[in-house]
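This report refers to the structure that appears directly beneath it.
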Amino acid sequence: MRKHIVAGNWKMNNDLAQTETLITELKLQQLSSDTEVMIAPSFTNLWPSFQATRTSAIEVIAQNMHFAESGAYTGEVSADMLKSVGIKTVILGHSERREYFKESDELLAKKVDAALKNEMRVIFCFGEELSDRKSGNHEKVVESQIKNALFHLDASAFKHIVLAYEPVWAIGTGETASPEQAQDMHAFIRKTIQATYGDDVANDISILYGGSVKPNNAKEIFSKPDVDGGLIGGASLNAKDFFAIVNAF
């Protein structure tokens with residue numbers, strides 16, 4: 001049975017003091033018992049964040065990682081390094097990594113393989129641009145991103161993968177994605193998984209929505225049958241807003 005998950009991606013926000021303050025505020029919030037809650041601080045704050053959440057139900061996760069185990073990759077972080085500070089889950093393929101750092105499907109496939117080899121869970125992100133949506137090419141783009149990066153895997157690997165659909169066109173563009181549009185794409189994603197891996201894998205995998213989820217729209221979005229949670233950006237930097245989203249289930 002798939003899980004409800006709400007993950008807060010803090011991106012390049014919060015120094016150590018701000019991180020510690022936000023975690024303290026998060027720990028004071030009332031947590032829904034049937035929803036997994038995750039936060040992704042910056043690399044520099046992963047260890048203190050892990051230490052601060054040891055006795056809570058909040059999981060600290062990473063925003064990115066390199067595919068290599070070690071080597072001459074200045075500024076990069078490996079799966080083993082993440083695991084050494086208590087991290088067991090990593091976000092891969094975020095739209096900002098794809099756009100600003102030109103991460104390709106082929107590169108992301110290598111990162112996914114490295115994470116799974118190191119027994120880490122992956123939140124794998126994908127989604128179409130505004131031009132793709134307007135041209136009616138959105139399903140083809142999403143299908144391609146999923147297949148190119150993930151469909152070399154055995155069915156058993158999907159137990160360690162969470163999917164996160166990000167309609168890039170609905171983030172900071174002035175455009176708005178409706179809950180119905182989110183549901184339509186999530187249903188398409190699940191059918192894409194089902195066509196290759198069967199009903200069990202498709203029905204068990206959690207698919208998160210990452211299109212500007214906020215306290216005032218989370219309940220309606222999360223009520224859709226194929227939406228299993230959210231990958232939250234800006235709203236995750238405010239403890240009260242984040243937990244309003246968490247408890248929207």
- Task: Determine which aspartates and glutamates satisfy two conditions relative to LYS110: a Cα distance under 14 Å, and not lying fewer than 8 residues away in the same chain.
- Result: GLU69
- For ASN148 and LEU130, extending 7 Å from Cα along the Cα-Cβ vector and measuring point to point gives, in nm, a value of 2.2
- Which of the chymotrypsin sites (Phe, Trp or Tyr not before Pro) found in the stretch 139-199 are loop residues per DSSP with 14 or fewer other Cβ atoms within 10 Å of their Cβ? PHE151
- Message: What does the charge count around LYS27 come to, taking other residues whose C-beta lies under 14 Å from its C-beta (Lys +1, Arg +1, Asp -1, Glu -1)?
- Response: -1
- For the stretch 143-227, build the charge dipole from Cβ charges (+1 Lys, Arg; -1 Asp, Glu) around the Cα centre, then report which of HIS186, ALA202, ILE221 sits farthest towards its positive end. ILE221
- Sort the stretch 75-210 into rounded, prolate or oblate with this rule: let a ≥ b ≥ c be the square roots of the eigenvalues of the Cα gyration tensor; rounded if a/c is under 1.5, and if a/c is not under 1.5, prolate when a/b is larger than b/c, oblate otherwise. oblate
- Stretch ASN137-ASP80 to full length: gain in nm at 0.36 nm per residue minus the Cα-Cα span? 16.7 nm
- Note on the structure: Residue separation between GLU99 and ASN247 times 0.36 nm, minus their alpha-carbon distance, gives in nm 50.1 nm
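Taking GluC sites (Glu not before Pro) as candidate sites, keep only those in a DSSP loop with at most 16 other Cβ atoms within 10 Å, then name the longest stretch of the chain containing none of them.
Longest stretch, sites excluded: 176-249.
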- Those chymotrypsin sites (Phe, Trp or Tyr not before Pro) in the stretch 88-143 that DSSP places in a loop and that have at most 13 other beta carbons within 10 Å: PHE101
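Rounded to the nearest 0.05, what FRET efficiency do GLN51 and ALA187 have when you use their Cβ-Cβ distance and R0 = 30 Å? Walk me through the numbers on the way to the answer.
Values: r = 40 Å, r/R0 = 1.34.
Plugging the Cβ-Cβ distance into 1/(1 + (r/R0)^6) gives 0.15.
Taking neighbour counts of Cβ atoms within 10 Å as a proxy for exposure, in what order, fewest first, do ILE207, ILE193 appear?
Working: ILE207 22, ILE193 25.
Least to most surrounded, the residues fall as ILE207, ILE193.
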- When the helices in the chain are scored as -39500 (n - 2.57) per DSSP H run of 4 or longer and the sum is shared across all residues, what 222 nm value do you end up with, to the nearest 500 deg cm²/dmol? -11500 deg cm²/dmol
- Note on the structure: For the stretch 42-182, whose charge dipole is built from +1 on Lys and Arg Cβ atoms and -1 on Asp and Glu Cβ atoms, the candidate among ALA155, TRP47, TYR165 with its Cα farthest towards the positive end is TRP47
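What FRET efficiency, computed as 1/(1 + (r/R0)^6) with R0 = 35 Å and r the Cβ-Cβ distance, is obtained for SER223 and ASN13, rounded to the nearest 0.05? Walk me through the numbers on the way to the answer.
Values: r = 29 Å, r/R0 = 0.83.
Approximately 0.75, to the nearest 0.05.
Where nothing but the Cβ of Lys and Arg (+1) and of Asp and Glu (-1) is charged, how large is the charge dipole of the chain around its Cα centre, in debye to the nearest 20?
Details: 25 positive and 33 negative charges, 62 e Å.
The dipole magnitude comes to about 300 debye.
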- Query: Would you list TYR73, TYR209 from fewest to most Cβ contacts within 10 Å?
  - Reply: TYR73, TYR209
- Item | lysines whose Cα lies under 16 Å from that of LYS191, excluding same-chain neighbours fewer than 8 positions away | LYS140, LYS147, LYS224
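Can you give the charge dipole size of the stretch 138-248 about its Cα centre, rounded to the nearest 20 debye, using +1 on the beta carbon of Lys and Arg and -1 on the beta carbon of Asp and Glu? Kindly include the intermediate steps, with their values, before the conclusion.
On the way: 9 positive and 14 negative charges, 46 e Å.
In debye, rounded to 20, the stretch 138-248 gives about 220.
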- Message: Please give the Cα centre distance for the stretch 187-204 versus the stretch 114-131, rounded to the nearest Å.
- Response: 17
- Task: Counting other beta carbons within 10 Å of each Cβ, put HIS94, HIS186, HIS152 in order, fewest first.
- Result: HIS152, HIS186, HIS94
- Return the lysines within reach of LYS27: Cα separation strictly under 27 angstrom, same-chain partners fewer than 8 residues apart disregarded; answer none if there are no such residues. LYS3, LYS11, LYS83, LYS88, LYS214, LYS219, LYS240
- Is the stretch 18-150 best put as rounded, prolate or oblate by its Cα gyration tensor, with a ≥ b ≥ c the root eigenvalues, rounded for a/c under 1.5, and otherwise prolate when a/b is larger than b/c, oblate when not? oblate
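No lab work stands behind these numbers, since they all come straight from the coordinates. Predicted model only: the values in this text are computed from it and were never measured. A quick note on method: Cβ atoms are made from the backbone with ideal geometry, for glycine too, and the neighbour counts reach across all protein chains shown.
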